[in-house]
Amino acid sequence: MITMEMLEKIRKEHRPILEERLLKEGKVIIKGNEIVLKGDYYKKQYRIALKNCGIINPGDIRDYIAMDGYAALANILRDKQPKEVIDDMKASNLRGRGGAGFPTGRKWEESFKKSSDKKYFICNADEGDPGAFMDRSILENDPHAVLEGMAIGGYAVGSDQGFIYVRAEYPTAVASLEKAIAEAKEYGLLGENILGTGFNFDIELRLGSGAFVCGEGTALMESIEGKRGMPRKKPPRTSHVGLWQKPTILNNVETLANVPVIMNRGVEWFRSIGTERSPGTKVFALVGKVVNAGLVEVPMGTSLREIIYDIGGGVQDGKVLKAVQTGGPSGGCIPASLIETPVDFESLDKIGSIMGSGGMVVMDENTCMVDIARFFLEFTVDESCGKCTPCRIGNKRMLEILTSMTDGTAEEREISELKELAEIIEDTSLCGLGQTSPNPVLSTMRYFYEEYEAHVLDRICPSGVCKSLLKYNILDNCIGCRKCAKVCPTSCISGKVKEVHVIDQDRCIKCGACYDACPSEAITIG
Amino acid sequence: MEFMFDKEKNKEKIERFRQIIQDHKETKGALMPVLQGAQEIFGYLPAEMLQLISEELDIPLSEIYGVATFYSQFSFIPKGENIISICLGTACYVKGAQDILEDFEKLLGIKAGQTTGDMKFSISSTRCIGDCSMAPVVTVNEDIYPRLKKEQVKEIILKYGGEIK
Ligand SMILES: Cc1cc2nc3c(=O)[nH]c(=O)nc-3n(C[C@H](O)[C@H](O)[C@H](O)COP(=O)(O)O)c2cc1C
Ligand code: SF4
Ligand code: SF4
Ligand code: FES
C-alpha cells in the first residue's frame, strides 16, 4: 500500500524510463509534458480519452502513473469535498459518451443528494453497438483510466462498490481489467483506505452474455442481479433506485476515461475544446468503405468531411460517398450532401441522426439504403427483449415490409404503412431500443425516398445489392466459351459455341455463378 | 440431433464446475457467473448441470431456463470441434460479410447455428467483435481472420481438416 508521497515518487522516477522506452521505439513525439503518437493520421486528432492508448503498457501500473495517472484521485481525496467534485463535473459540462449525452455532473448530483446505506457505481462496458470499438480500445490499452474515473465518481456520490459490466466477446479487455484491478489493489489505489485517506472503493467485474439490450441501464442492472436483462419502467431513475434497489450511477467507458483528465487539467481547459453545448472531444469508430479505418478522436463540432476525408483519407477504391451512418441501430443515415455537418449532439439530432456511441460507417454507391434499413431492423428484431408490444411486434412487421421491398414483392401502400409504423413504435416503446429502432428507417426514407420507390414501384435495386431484383444479362461481346452455361445450376443459359449466349430470365435464380465464371466481362448485373 | 451427457466421462469437469458454484454461493446475482462457468467448461449447458445449479443455488429450474435462453452466448447443444463465427455487425456487413457466410454455409452444407454431422464444424454469426477496422472479420475458435476475402473460405475449411462438399 502506498502513500501520496510514494505515488509522486513513482511518477517522477518512472516518467524518464517510460519516455526513454518510447523514444527508442520511435513512435511518439515528446513536447514538454505532452506525449503524442507520430504520423499524419494523428496530426488532426485531439486525444483525451485515448491519450494513453498505444503509448503506455496497460499491464504496468507505473506507466499509467507516469502519465499523471491517479494524480486526480489523490488530489481530490486530499483537497476536495464530494460536493466540490460534483460542482466541477457540472461546470465542465461533460456529457455522457454512451449514447444519450446526458450531463455527467447532473447525474452524479442526483445520486449524491439521495441518502442511502449503500450506493453503487457501474461502468457500462457492454459496447453493443456493432461497428463501434472505442470502449474496447480504452479497456484494453488504458484500463486504469476507467478505474480512476470510477473511483473519483464513487467518492463524489458516496459509493464504495463499483461494477464493470463488460461483454464476454471482449476477452482481452476482460483480462486487461482483471490485471489492472489486481495491480491497483496491490498499490492501495483501490480497496480499503485508499492512499491512507479512509476512502474505500472496490470494483468487481461482471460479464455480459451477448444481449444488446443489456447495454440499456436498467436492463444491465437486472442482468447483474442474475435475471433476464429486461428494461425496467422509468421513473424512478436509477440514480435513485437502481441495482438491488439502491441509488446507482451508470457511466460509459469513454465518459469515465475523460474524468481524470478533466480533474487534472481543469474545467476551463476542457470547456475550451469542442463546442459551447458539447465540450470536449468524441472518439469515433470510422469504418466501412473508408481508406483509413480506425479510431479517431476529434473536438466536438469537427465536420464529417474533416473526419472522413482529412483523417480517413476518403472513400475506398475511388468510389463516390453515398451516406454516413452514425449512431448504430439507434442512429440514421446522413446523405453525402450534408457532409459539412459538424458532429456534436445537437447538429446530428437536427438532421435525424444521433451521435450514439460514435460508430461512423462510410457507405459508397454500392450500398443499398433499403437493404441497410432492413439490416438494422433484423438486428433490432433479434435483440428486442420482447417485454413490450410495439417493439416486439411492431419491429417484426417493419422487418417484414422491408424484406418484401428488397425481395421485390412489396405493394405501393406499404411505403406509407412503414412510415406510420415507424412513428408509432418510436412513440410507444418502453425503452431506448424500441424508441430508436425506427431511426434507420425514417432517416433513409427522408433522404433516399427514391430508392424506396425504385424497389417498390419499379422493382429495381439501383445499387445492385438486392439479389431478387437483379437481372443478369449477356452482352454482345460474349465470346461463346460456354463457361457460364457449364456453371449455371439451373441450366438456363443457352447458346452455341462461339455465339452470343442468352439467359432465360424466368428460370434464373440469380446466383451470380455465370457472372463470376465469364472470362470476358460479357455478363452484366442490372 | 441426439446426444448424451456422459457423467462418467465428464467427472473431472463436473468437479471443477462444483467448485465454481461453491465460489459464487455468497455472491449476489450468482446465476450469471455460474452459467458462464458451465458454458465455458462444457461448451454448452447440459441439462444435468442446470439441475445441479438449481439445487445448489436454490433457484427454480424454470427460472434458470428463462435466464439461459435470454442470452445468446448460452447454448443447449454441444458445439462442433471448430466454431466458425462470421461477424455480421454493420462494418462487416457493408463489406460483404453476408456473402462470406453464405459461402461457408454452402461449402459445409449447414446453416448458421448448426453443426456438421461429424461434429467437426459449427457455423455461427456474431454481432461485432470490435475488430471493425479490419472488416469483414471471421473467427475460427480463437483464430482471427481479418479482411477476409471470399477466395479464402475454402482454404479455411481445409485448414481445419474439413472436406469440401
Ligand atoms: C438498447 C440500448 C443499448 C445501450 N448500449 C450501451 C452500451 O453498450 N454502452 C453504453 O455505454 N451505453 C449504452 N446504452 C446507453 C446507456 O443506457 C446509458 O445511457 C449510458 O451507459 C450512460 O452512460 P453515459 O451517461 O456515461 O453515457 C444503451 C442504451 C440502450 C437503450
Ligand atoms: S422497447 Fe424493446 S427492448 Fe425495450 S423494453 Fe420494449 S421490447 Fe424490450
Ligand atoms: S445467375 Fe445463376 S441461375 Fe442465373 S443465369 Fe447466371 S448462373 Fe444461371
Ligand atoms: S462489425 Fe464486424 S467486427 Fe465490428
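Residue-wise test of (1) more than 16 Å from ligand 1 (Cβ to nearest atom); (2) crowded, with 16+ Cβ neighbours inside 10 Å.
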residue: B:77; (1), (2): yes, no
residue: B:83; (1), (2): yes, yes
residue: B:94; (1), (2): yes, yes
residue: B:118; (1), (2): yes, no
residue: B:123; (1), (2): yes, yes
residue: B:126; (1), (2): no, yes
residue: B:134; (1), (2): yes, yes
residue: B:137; (1), (2): yes, yes
residue: B:142; (1), (2): yes, no
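Of all residues in the stretch A:374-393, those satisfying the criterion of being crowded, with 24+ Cβ neighbours inside 10 Å and either more than 21 Å from the chain's Cα centre (by Cα) or away from every other protein chain (no Cβ under 12 Å) (or both) are A:377, A:391.
Filtered by the rule that a residue be crowded, with 20+ Cβ neighbours inside 10 Å, small (Gly, Ala, Ser) and facing another protein chain (nearest Cβ under 9 Å), the stretch A:186-240 gives A:208, A:209, A:211, A:223, A:226, A:229.
Restricted to the stretch A:114-138, and to residues there that are over 18 Å from the mean Cα position of the chain (by Cα) and buried (at least 21 other Cβ atoms within 10 Å of the Cβ), the residue that is nearest to ligand 4 (Cβ to nearest atom) is A:122. Only one entry in A:288, A:266, A:280, A:226 is in contact with a Phe, Trp or Tyr (Cβ under 7 Å, 6 or more places away or on another chain) and not polar (S, T, N, Q), namely A:280. Within the stretch A:435-454, identify whether any single residue is within 16 Å of ligand 2 (Cβ to nearest atom) and either in a loop (DSSP other than H, G, I, E, B) or at pLDDT below 95 (or both), and answer yes or no. Yes, the stretch A:435-454 contains a residue that is within 16 Å of ligand 2 (Cβ to nearest atom) and either in a loop (DSSP other than H, G, I, E, B) or at pLDDT below 95 (or both). Pairing residues of the stretch A:111-139 that are within 12 Å of residue B:128 (Cα to Cα) with residues that are among the β-branched types (Val, Ile, Thr), at Cβ distances under 6 Å and at least 6 apart in sequence or on separate chains, gives A:130/B:90; A:131/A:287; A:131/A:361; A:131/B:90.
The number of residues in the stretch A:146-161 being more than 14 Å from chain B (Cβ to nearest Cβ), closer than 23 Å to residue B:32 by Cβ and surrounded by fewer than 24 Cβ atoms within 10 Å (Cβ to Cβ) comes to 1. Being more than 10 Å from ligand 1 (Cβ to nearest atom), under 16 Å from residue A:163 (Cα atoms) and within 14 Å of chain B (Cβ to nearest Cβ) is the filter here, so list the residues in the stretch A:95-144 that pass it. Result: A:118, A:120, A:139. Among the residues here, residue B:164 qualifies as farther than 27 Å from residue A:466 by Cα, outside any helix (DSSP H, G or I), β-branched (Val, Ile, Thr) and more than 14 Å from every other protein chain (Cβ to nearest Cβ). Scanning the stretch A:90-113 for residues that are farther than 24 Å from residue A:346 by Cα and buried (at least 19 other Cβ atoms within 10 Å of the Cβ), we see that the one that is nearest to the chain's Cα centre (by Cα) is A:111.
Looking at the stretch B:99-118, can you tell me whether even one residue there is within 12 Å of chain A (Cβ to nearest Cβ), touching a residue at least 40 places away in the same chain (Cβ under 8 Å) and under 26 Å from residue A:369 (Cβ atoms)? Yes, some residue in the stretch B:99-118 is within 12 Å of chain A (Cβ to nearest Cβ), touching a residue at least 40 places away in the same chain (Cβ under 8 Å) and under 26 Å from residue A:369 (Cβ atoms).
When the stretch A:98-136 is examined, which residues are found to be among the polar types (S, T, N, Q) and either at positive phi or touching a strand residue (DSSP E or B) at 6+ places or on another chain (Cβ under 6 Å) (or both)? Please lay out each step first, then the result.
Just the residues of the stretch A:98-136 that are among the polar types (S, T, N, Q), to begin with: A:104, A:111, A:115-116, A:124.
If the condition is that a residue be among the polar types (S, T, N, Q) and either at positive phi or touching a strand residue (DSSP E or B) at 6+ places or on another chain (Cβ under 6 Å) (or both), then A:111, A:124 are the ones that fit.
Restricting attention to the stretch A:164-179, the residues that are over 20 Å from the mean Cα position of the chain (by Cα) and either of a type in the set (D, E, K, R) or within 11 Å of chain B (Cβ to nearest Cβ) (or both) add up to 2. Of all residues in the stretch A:80-94, none satisfies being within 14 Å of chain B (Cβ to nearest Cβ) and away from ligand 2 (no atom under 16 Å from the Cβ).
Working carefully through the options A:290, A:259, find the one that is at the interface with chain B (Cβ under 10 Å from one of its Cβ atoms) and either more than 18 Å from the chain's Cα centre (by Cα) or not polar (S, T, N, Q) (or both).
A:290
The values are calculated or read from the model by the stated rules, or taken from the named source; none is laboratory data. Here the structure is a predicted model, which is why all the values come from computation and not from measurement. As a convention, Cβ positions derive from the backbone with ideal geometry for all residues, glycine included, and neighbour counts pool all protein chains shown.
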